[in-house]
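A short write-up of the structure that comes next.
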Amino acid sequence: MHLSILIPCYNWDVFDFINQLHNLCVKEKKIINFEIICYEDASRHTYSNNLIENLKNVKYLNFKKNIGRSSIRNQLGADAKYEWLLFIDCDSKIAGNDFLKKYINAASKRKSKKTVFYGPTIYEKNIVDENTKLHYKYGNLVETKMKKNNFSSHHFLIHKNQFIKNQFDNKITTYGYEDVLFSTFSNLEFKYINNPLFHIGIKTNEVYLSDTEKAITNLANYANEIQINKKVKILKYFKIFEKLNLSKIILIIYNLTENKIIKNLNSTNPKICLFQFYKLGLLIRQIKKLKKSQ
């Protein structure tokens, strides 16, 4: 395999992770040629990331202007020189020494050139910071299970020709749902394989709630897209509540309880059911806001 490993990075120390990936590439006999490209999206903190350029076949660049989660992936794909692209989020950690081998084997057995391979995102068992409980809990209990049937861009392998034809939506510049839009509107097939990777970038409750709000704002802009409505569960519920004329009542309840909900979500024992209601309330509010502005 001729492989380009592409790492979009923002304010994260990737030195050890890219060293791990480099070692796996060197040891993997089925890799004929490889490169690792890491682009910082105008990161304020770059740690010792620039030192990865001392490794053979590694390219590093820090953009002067932030271009967003979609555009930076598109740029990485365009600049890659090999036929297979392995995208990996920067805040990751290798879970097994056969990580690259599993992707290579999957690609060698593919039945369609349009197949995109992706694997599960897992979390380390011991959590140190009590202020990250919401992200950790939701990731373990909900997101990990969802990804078997829902494509995630945390790590995935795609043929370059297919990626060039199916780009991420550059209009999505903030956090959230860019992978859902990519999988929904692309002309690709997505195959889940048992090839886990640790997600170690666990966010504080405050940051995770802020990112959730950004994600819901992104999603609200696509609330009228039939394909998206079929795929995203929260939009399915919203449409049901709209038909039953319940969305206004839900929004009233949400507005009355929002402060108490946020207090719980910022605690050391956040309730997942409240987090789901929090997202629903934000979605209804944002959609109503968009309707008023039209």
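The values are calculated or read from the model by the stated rules, or taken from the named source; none is laboratory data. Remember, predicted model here, so these are calculated numbers, not experimental data. Positions of Cβ are generated from backbone atoms using ideal geometry, with glycine treated the same way; all protein chains shown enter the neighbour counts.
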Segment 148-174 - residue that is crowded, with 18+ Cβ neighbours inside 10 Å and within 23 Å of Val207 (Cα to Cα) and, of those, modelled with the lowest pLDDT: Ile172
Scan of segment 199-213 for residues that are in a helix (DSSP H, G or I) and under 12 Å from Tyr138 (Cβ atoms), ordered by number: Asn205, Tyr208, Leu209, Asp211, Thr212
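Listed here are the residues, each with its yes/no results for (1) assigned to a strand (DSSP E or B); (2) within 25 Å of Thr174 (Cα to Cα); (3) at pLDDT below 95; (4) not assigned by TED's automatic domain parsing to the domain that holds Phe168.
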{"residue": "Ile31", "(1), (2), (3), (4)": "no, no, no, no"}
{"residue": "Ile36", "(1), (2), (3), (4)": "yes, yes, no, no"}
{"residue": "Ala78", "(1), (2), (3), (4)": "no, yes, no, no"}
{"residue": "Lys81", "(1), (2), (3), (4)": "no, no, no, no"}
{"residue": "Cys90", "(1), (2), (3), (4)": "no, yes, no, no"}
{"residue": "Tyr103", "(1), (2), (3), (4)": "no, no, no, no"}
Checked pairs for segment 115-136, first within 12 Å of Lys203 (Cα to Cα), second assigned to a helix (DSSP H, G or I) and among the polar types (S, T, N, Q), C-beta under 8 Å and 6 or more apart or across chains, list as Asn131/Asn205; Thr132/Asn205; Lys133/Asn205; Leu134/Asn205; His135/Asn205
Within segment 50-71, identify whether any single residue is at pLDDT 95 or above, basic (Lys, Arg) and in contact with a Ser or Thr (Cβ under 8 Å, 6 or more places away or on another chain), and answer yes or no. no
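Regarding segment 236-251, can at least one residue be identified that is outside the structural domain of Asp129 (by TED's automatic domain parsing), of a type in the set (Gly, Ala, Ser), farther than 30 Å from Leu21 by Cβ and in a helix (DSSP H, G or I)?
Taking segment 236-251 first, the residues outside the structural domain of Asp129 (by TED's automatic domain parsing) are 236-251.
This time we only want the ones that are of a type in the set (Gly, Ala, Ser), so: 247.
With farther than 30 Å from Leu21 by Cβ added as a condition, the list becomes 247.
Still in the running and in a helix (DSSP H, G or I): 247.
Scanning segment 236-251 turns up at least one residue that is outside the structural domain of Asp129 (by TED's automatic domain parsing), of a type in the set (Gly, Ala, Ser), farther than 30 Å from Leu21 by Cβ and in a helix (DSSP H, G or I).
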For segment 115-147, how many residues meet the condition of being aromatic (Phe, Trp, Tyr) and outside any helix (DSSP H, G or I)? 3
Within segment 10-43, restricting attention to residues that are surrounded by fewer than 17 Cβ atoms within 10 Å (Cβ to Cβ) and among the charged types (D, E, K, R), which residue is farthest from the chain's Cα centre (by Cα)? Lys29
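Run down Asn218, Asn194, Asn269 and say which single residue is part of a loop (DSSP other than H, G, I, E, B), under 29 Å from Tyr118 (Cβ atoms) and of a type in the set (S, T, N, Q).
Values: Asn218 fails: part of a loop (DSSP other than H, G, I, E, B); Asn269 fails: under 29 Å from Tyr118 (Cβ atoms).
Checking each option against the conditions leaves just Asn194.
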Could you list, in sequence order, the residues of segment 210-252 that are of a type in the set (A, V, I, L, M) and free of Cβ contacts under 8 Å to residues at least 24 places away in the same chain? Ile226, Ile240, Leu244, Leu246, Ile249, Ile252
Check Phe182, Phe198 and return the single one that is under 30 Å from Gly96 (Cα atoms), surrounded by 20 or more Cβ atoms within 10 Å (Cβ to Cβ) and in contact (Cβ under 8 Å) with a residue 12 or more places away in the chain. Phe182
Has segment 277-286 got at least one residue that is surrounded by fewer than 14 Cβ atoms within 10 Å (Cβ to Cβ) and either among the hydroxyl-bearing types (Ser, Thr, Tyr) or at pLDDT 95 or above (or both)? no
Of (1) within 30 Å of Leu100 (Cβ to Cβ); (2) under 19 Å from the mean Cα position of the chain (by Cα), Ile228 fails just (1)
Looking for something of a type in the set (Asp, Glu), in a helix (DSSP H, G or I) and either free of Cβ contacts under 8 Å to residues at least 12 places away in the same chain or under 19 Å from Ile272 (Cα atoms) (or both) - is there at least one such residue anywhere in segment 160-179? no
So, in segment 132-174, how many residues would count as being touching an Asp or Glu at 6+ places or on another chain (Cβ under 8 Å) and more than 26 Å from Gly96 (Cβ to Cβ)? 4
Conditions: (1) without any contact (Cβ under 8 Å) to a residue 24 or more places away in the chain; (2) within 26 Å of Asn97 (Cα to Cα); (3) surrounded by fewer than 17 Cβ atoms within 10 Å (Cβ to Cβ). Asn62 meets all but one. Number of the miss? (2)
